[in-house]
Amino acid sequence: MTSSAPKTPDTPADALPKSWDPSAVEADLYQGWVDAGYFEADPKSDKPAYSIVLPPPNVTGSLHMGHALDHTLMDALSRRKRMLGFEVLWLPGMDHAGIATQTLVEKKLAGEGKTKEDFGREKFIEKVWDWKRESGGTIGDQMRRIGDGVDWSRERFTMDDGLSRAVQTIFKRMYDDGLIYRAERLVNWSPVLQTAISDIEVKFEDVEGELVSLRYGSLNDDEPHLVVATTRVETMLGDTAVAVHPDDERYRHLVGTTLELPLTGRTIPIIADEYVDPEFGTGAVKITPAHDPNDFEMGLRHNLPMPTIMDKAGRITGTGTEFDGLDRFEARVKVREALAAQGRVVAEKRPYLHSVGHSERSGESIEPRLSLQWWVKVDGLSKAAGDAVRGGDTVIHPTSQEPRWFAWIDNMHDWCISRQLWWGHRIPIWYGPDGETMCLGPDESAPEGWEQDPDVLDTWFSSGLWPFSTMGWPDATEDLAKFYPTSVLVTGYDILFFWVARMMMFGTYVSSDASVAAGENGGKVPFQDIFLHGLVRDQFGKKMSKSRGNGIDPLDWVDRFGADALRFTLARGANPGADLSVGEDHAQSSRNFANKLFNATKFALMNGAAPAELPARAELTDADRWILDRLDRVRGEVDSAFERYEFSKACETLYHFAWDEVCDWYLEIAKVQFSDEAQAASTRGVLGNVLDALLRLLHPVVPFVTETLWKVLTGNESVVVAAWPQASGEEPDPIATQRIVDMQKLVTEVRRFRSDQGLKPSQKVAAKIVGIDEADLLTQVPVIRSLARLTDPEGEFDATASVEVRLSGATVTVELDTSGTVDLVAERARLVKDLAAAEKELSQTTGKLSNEAFIAKAPDAVVDKIRTRQQIAIEEIARIKARLETMGEQ
């Protein structure tokens, strides 16, 4: 037997599959881009630089909708700049995620009946590295699935050797400069994790607790006493004062005296402080400096003792009372019972709804706790970060977010950077046998017998160095010289303060280094632009969360609709600084758009369309000149939108140009022009050129379908490395455009009339067009007749209906002979059925909109949709009744 050679495609269209199936091509296309080296940046290139560092996702994580939005926008920016001739670096990497990773590995060990203490610090850390190698690459694989064009050859990890060196270098420098210090201060403490946690890892939830009013001092009404209220009764064991407002006449005589603190055998002073609100409660406030942020500040002002009454696990300790050793929640009950037994509980409010901070990782309520920790002094650093935005070195988009930036950066408190964990960058402080302290850099060693501080650094410390540490800092590298500062940071406004602020502080701090100052832009700041997008919400505008069950897995959408559909849905909704709502109907619409592009391009290829040198504009048809002018304008609008980070506007512009103008109009006109031998060749060239440019304009957002189509359309290597479309330089032709606009209006009105008459879209009707010459549309008659399904009258013509359309130059009347074209009995039955459905819809929507309880609870987006449905029903009822009235006259 002999094998036959593969069949050569008869036309370029044969190289495309029958229909668009993204799952069949996406993986191979992506791997082809990586293998070709399209995403690898060359620091020796003469091209202008454009760089983005990927906000490093947690190594424990998987891609969620927020990531997918981030990555889509960064990829779109990178791909477009590459096509514009820039040397693009989009640098990927992952964060070691100290708490999350250690917790995950500890849970894994617990399943084996072991704890980290069973292994010791070094062996446990080896276990974490083992887990990272085996299971830490999930998010990288998911990034490939959605098409991230990152430079994988430069992938970094916040715990790799280079970044660890950067961390030690900057820690020592800041320590030597007096910017890092150790002090006992109040922190967010997790009794489950037994570590301090950052503000971003604290989520506030409303909980039903109790508000208990307690009587301090004498139980005799004639002797000094005060009533205070608290939701955390157990903390009274650590009270060191009661505070009142200095102008509160009720208590002025008590200020400076002392009262008995029940259950403890101690007395505490009554102090005056303007922080107290005399109108709230009794106007007297219990002060527990070691377990409340506001009380801590008051304790500093008044030099109060600050006893810590809870240990690392949240158990009562050091009070000398019967409650020592009890868990804080057990103690809450026992202390309240003991106070009640003494007659000191004067009021109880249950349930009392109040907001309580909870650990995002472990779920328990956090405990404000006085603890010895390492801190960064932020005054000068935050000022430099604020001044960088004020001076224009870094520009925030949208500018409406600037006030939030300044409100935060100008009022920062010192930053707690130590964590009581084993996994992370260990603090490079060493302690000598006689109490000496030494900070070591990356190339230094401690003397024998010295011990290193057991704490590790907050994850945000190492990720704050990300823009320059990933490029080799503190060494003077080619990457730093070429690509630093980075061009833009793309991130959600919700972490503007936690992460962006830290990167700005570190970036401005190292700005004088020769290694970063050598770049083309001087290295004053870590990025030139900050683009802040909003949160991804569900289709009803609700925040996505596990508890609501409304989260969407982006990879599920990739599986069902394709990566392009996911990306286009997210980019189309991305307005600067605004939240976006997405639902499955949006993804379906985006998938339909990809299908539309595929079918339109395949049709064009089947008819011989291809990019070509075109004759002079004057030799082209009105439709050709109109679509080329529209392409020029659309290209300009898309460029402007991308430069302003208005992704939604860019996508909307391209969507409507592609669907409404290219597919709905020009393709239909092209079918008519293909049949005219004099116009066919230029029509193929115009259609080929328009599709070529359109696919390139769309490529940054929908890379897979555009790559598939563009390679077949043009025969070139890859749209990834194609040039971005440029302006044609041709003067627009307003006369040709007006003719096409008038033609579209005429065809649309005839189509509407036909629909109202119950004519099938494919049914041809004999018609006369009166006034066409006066309207300057004589050249458009073949197109008008084809698109409106109108034929030249043959023989005797009896007009039974007419459509009068006022155009820019004249009024055109289309006279139609509809006799015998409609089954009046069947049409009346259909209309009556449609009328009943429309009236039912109107009744239902009106009922909902009249329900005040429903309106009060429903999200605005839902109410708006119902109002839209109501209006559509009203218009449909009017249309059907008008048609039935017309039919009654026939």
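The values are calculated or read from the model by the stated rules, or taken from the named source; none is laboratory data. These numbers were taken from a predicted model, which means no experiment stands behind them. Here the Cβ positions follow ideal geometry from the backbone for every residue, glycine too, while neighbour counts run over all protein chains shown. Please note that ligands, DNA and RNA were not included when accessible areas were found on the heavy atoms of the full protein model with its side chains. Shrake-Rupley method; radii C 1.70, N 1.55, O 1.52, S 1.80 Å.
Share of the chain's accessible area from carbon and sulfur, percent, 1.4 Å? C and S atoms contribute 48 percent here.
With the charge dipole of segment 60-136 set up from +1 on Lys and Arg Cβ and -1 on Asp and Glu Cβ about the Cα centre, the Cα lying farthest toward the positive end among the listed residues Leu73, Ser62, Gln102 is that of Leu73.
In loop segments of segment 602-664 as defined by DSSP, the trypsin sites (Lys or Arg not before Pro) with at most 16 further C-beta atoms inside 10 Å of their C-beta are Arg644.
One decimal place: the segment Ser45-Asp860 gains 288.3 nm when fully extended, by the rule 0.36 nm per residue minus the C-alpha distance. Solvent-accessible surface of segment 49-153, taken per residue with a 1.4 Å probe and all protein chains present: 34 Å².
Diffusion coefficient (Stokes-Einstein, Kirkwood radius over C-alpha pairs, 20 °C, 1.002 mPa s) for segment 78-183: 126 µm²/s, rounded to a whole number.
Across every pair of non-identical alpha carbons in segment 630-721, the mean reciprocal distance, once inverted, gives a Kirkwood radius of 14.0 Å.
Dividing the convex hull volume of the alpha carbon atoms of the chain by its residue count gives 268 Å³ per residue. Using a probe of 1.4 Å, the accessible surface attributed to Thr288 totals some 0 Å² when neighbouring protein chains are kept in position. Each of Lys349 and Phe204 was given a label point 7 Å from its Cα along the Cα-to-Cβ line. The distance between the two points is 1.7 nm.
With a cut-off of 12 Å between beta carbons, the residues surrounding Ala385 carry a summed charge of 0, where Lys and Arg count +1 and Asp and Glu -1. Only lysine pairs 8 or more places apart or on separate chains count here, and in segment 93-231 those with Cα atoms under 12 Å apart total 4. With the charge dipole of the chain set up from +1 on Lys and Arg Cβ and -1 on Asp and Glu Cβ about the Cα centre, the Cα lying farthest toward the positive end among the listed residues Leu353, Leu698, Ala481 is that of Leu353. Between Cys439, Ala388, Val333, the Cα set farthest toward the positive side of the dipole of segment 333-457 (charges on each charged residue's Cβ, about the Cα centre) is that of Val333. For segment 174-274, GluC sites (Glu not before Pro) meeting the loop criterion (DSSP other than H, G, I, E, B) and having at most 11 other Cβ atoms within 10 Å: Glu249, Glu274.
What's the long-distance tail for segment 730-837, i.e. % of Cα pairs beyond 16 Å?
Tail fraction, whole percent: 60.
The GluC sites (Glu not before Pro) found in segment 591-693 that occupy coil by DSSP, while having at most 16 further C-beta atoms within 10 Å, are Glu613. Semi-axes of the equivalent ellipsoid for segment 342-409, computed as √(5λ) from the eigenvalues of its C-alpha gyration tensor and ordered from largest down, come to 41, 19, 14 Å.
As a ratio to 2.2 N^0.38 Å, the alpha-carbon radius of gyration computed for segment 350-467 takes the value 1.44. For the pair segment 71-92 / segment 708-732, the C-alpha centres are spaced 17 Å from each other.
What helices does the chain hold that run 20 Å or longer along their axis, going by alpha-carbon atoms, with a Kyte-Doolittle average of 0.0 or more, using DSSP H for the helix calls?
Helices passing the filter in the chain: 677-698.
Each other residue within a Cβ distance under 11 Å of Tyr175 adds +1 if Lys or Arg and -1 if Asp or Glu, for a net charge of +2.
Here is the tail figure for segment 584-646: Cα pairs spaced more than 16 Å apart come to 69 percent of all pairs.
For segment 537-681, a crude dipole built from +1 on the beta carbon of Lys and Arg and -1 on the beta carbon of Asp and Glu, taken about the Cα centre, is about 780 debye to the nearest 20. For segment 465-595, the dipole from Cβ point charges (+1 on Lys and Arg, -1 on Asp and Glu) about the Cα centre works out to 460 debye, to the nearest 20. Note on Ser153/Ala681: beta-carbon distance plugged into 1/(1 + (r/R0)^6) with R0 of 45 Å gives a FRET efficiency of 0.45. Of all DSSP beta bridges confined to the chain, the antiparallel ones make up roughly 75%.
From the mean inverse distance of alpha carbon pairs (Kirkwood) and the Cα radius of gyration, derive Rg over Rh for segment 785-872. Expressed as Rg/Rh, it is 1.23.
The charge dipole of segment 737-839, taken about the Cα centre with unit charges on the Cβ atoms of Lys, Arg (+1) and Asp, Glu (-1), comes to about 480 debye, rounded to the nearest 20.
Bridgeable lysines around Lys47 (alpha carbons under 20 Å apart, same-chain partners fewer than 8 residues away excluded): Lys81, Lys482. Straightening the chain between Glu885 and Arg182 buys 244.4 nm, computed as 0.36 nm per residue apart minus the Cα-Cα spacing. Other residues within the sphere of radius under 10 Å centred on the Cβ of Asp817, judged by their own Cβ, net out at -2 (K and R +1, D and E -1).
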